[in-house]
Amino acid sequence: MRQSFVKADFDALARFWNGFYPERYRIDSDLLRQNSVGSPTFDWGASFVETEGEEIQGFVLVKRSPASLYKGPDKDQAHLCAIAYREPMIGLDLLADVKRTLRNRGITRIDFGQDSRHFFPGCPTDFRALADFLMVEGFAPGGESHDLERDLSDYQNPAPRTVGDEYRILTKSDVPSLDDFISREFPGRWTYDVIHKVGVEGHPHCIFGFLRDGKVEGFALLQDDGCKVPIGGAVWRNDLGEKWGSLGPIGVSKKVRGQGCGNALLGAALEELRDRGVKRCIIDWTGLVDFYGKHGFQVTRSYQSLSLPLEMPG
């Protein structure tokens with residue numbers, strides 16, 4: 001029987017997820033709830049749970065375009081946040097319902113992952129069965145991105161700080177400068193994610209800043225096991241283990257690029273996480289392997305973007 005998520009049992013769904021995805025992608029029920037029905041873009045009408053008696057047979061999570069949250073995304077695209085199934089035919093039936101529902105609304109494309117409050121930046125390359133399933137269903141492959149990790153216990157910063165600049169955790173008095181900086185330099189998803197994160201955490205202690213002349217000119221989003229709402233690479237906290245940490249997104253203003261400020265910001269932010277006692281640290285959804293590699297980070301997960309064009313009915 002096909003059901004909506006209105007009365008979903010998230011403990012049971014998390015167990016089903018963990019039996020479907022490889023071990024390094026295991027999650028808990030709180031995280032599953034947060035990144036599905038807890039997301040402002042969760043699509044209640046295109047997300048389903050398939051059951052037989054009391055047993056879950058499969059489920060599919062869909063998100064609407066984040067165009068309602070920030071500028072840039074195509075309002076006619078949707079995101080397949082995740083799918084899991086006991087047998088491939090169940091997955092095919094679930095996906096057929098999703099396609100039909102979205103096509104009838106005028107949606108023209110479905111991307112795997114990359115949704116607001118996402119789990120996946122693309123299909124994990126170490127889950128070949130899922131990639132094959134999606135490509136058989138018409139999803140076309142695109143580029144790759146990566147998660148990088150290292151143990152910070154023995155981290156030594158190779159990047160000197162630029163003279164006269166500040167590198168530190170932001171305070172509440174820095175928030176107006178942060179708002180101005182990030183909306184100017186990184187309009188769109190980063191602005192939404194960072195400002196929303198600060199609001200949820202209730203304090204900008206999750207933002208490590210680079211300041212010049214008292215103004216924010218760079219930032220790095222930091223998370224550890226004390227954060228309230230783990231996002232980005234922090235969703236894999238179960239695999240990262242105790243004293244986990246996450247860094248990113250990170251960026252500096254255009255006017256200071258090429259001066260070594262970004263590298264100095266990265267090094268100082270990693271020192272902050274190390275000094276908090278963070279061990280295994282993740283930098284997620286990036287192609288800058290060489291840049292982070294200078295600080296000892298190595299690829300631990302890779303993802304391939306997959307996109308499905310939808311033809312209009314009739």
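What follows draws every value from the coordinates through simple rules; no lab data is involved. Because the structure is predicted, anything quoted here is derived from the model rather than measured. All Cβ positions, even for glycine, are placed from backbone atoms using ideal geometry, and neighbour counts span all protein chains on display.
Just a few scattered comments:
- In this simple spin-label approximation, Lys254 and Thr51 carry label points 7 Å from Cα along the Cα→Cβ vector, and these lie 5.4 nm apart.
- Label zone at Lys75 (point 7 Å along Cα-to-Cβ), backbone N below 16 Å, the stretch 109-134: 109
- Treating r as the C-beta distance of Val200 and Ser173 and R0 as 30 Å, the FRET efficiency rounds to 0.95.
- Computed from the Cβ-Cβ distance with R0 of 25 Å, the FRET efficiency linking Leu92 to Ser302 stands at 0.45.
- Inter-label distance, nm, simple model (7 Å from Cα along the C-beta direction), Lys7/Ala67: 3.5
- Compared with the direct C-alpha span, the chain from Asn157 to Asp132 gains 4.9 nm at full extension, assuming 0.36 nm per residue.
- FRET efficiency, 1/(1 + (r/R0)^6) with R0 45 Å, evaluated for Glu23 and Arg184 via beta carbons: 0.60
- Global geometry of the stretch 153-278, whether rounded, prolate or oblate, following the gyration tensor of its Cα atoms and the 1.5 cut on a/c: oblate
- In the chain, helices alone account for a calculated mean residue ellipticity at 222 nm of -8500 deg cm²/dmol, with every DSSP H run of four or more residues adding -39,500 (n - 2.57).
- Environment charge of Pro124, counting only residues whose C-beta is closer than 13 Å and scoring Lys/Arg +1, Asp/Glu -1: -3
- With a cut-off of 10 Å between beta carbons, the residues surrounding Leu102 carry a summed charge of +3, where Lys and Arg count +1 and Asp and Glu -1.
- Packing-based ranking of 152-164, 96-108 yields 96-108, 152-164, ordered from highest to lowest mean Cβ neighbour count within 10 Å.
- For the chain: rounded, prolate or oblate by the Cα gyration tensor [a/c cutoff 1.5]: prolate
- Where both bridge residues fall in the chain, DSSP classifies roughly 90% of the beta bridges as antiparallel.
- Estimated inter-spin distance, Trp44 and Lys215, nm [label 7 Å along Cα→Cβ]: 4.5
- Simple point charges give the picture: +1 on the Cβ of Lys and Arg, -1 on the Cβ of Asp and Glu, and for the chain a dipole about the Cα centre of about 760 debye.
- Report note on the peptides 241-248, 76-83, 190-197: ranked by the mean count of other C-beta atoms within 10 Å, highest first, their order is 76-83, 241-248, 190-197.
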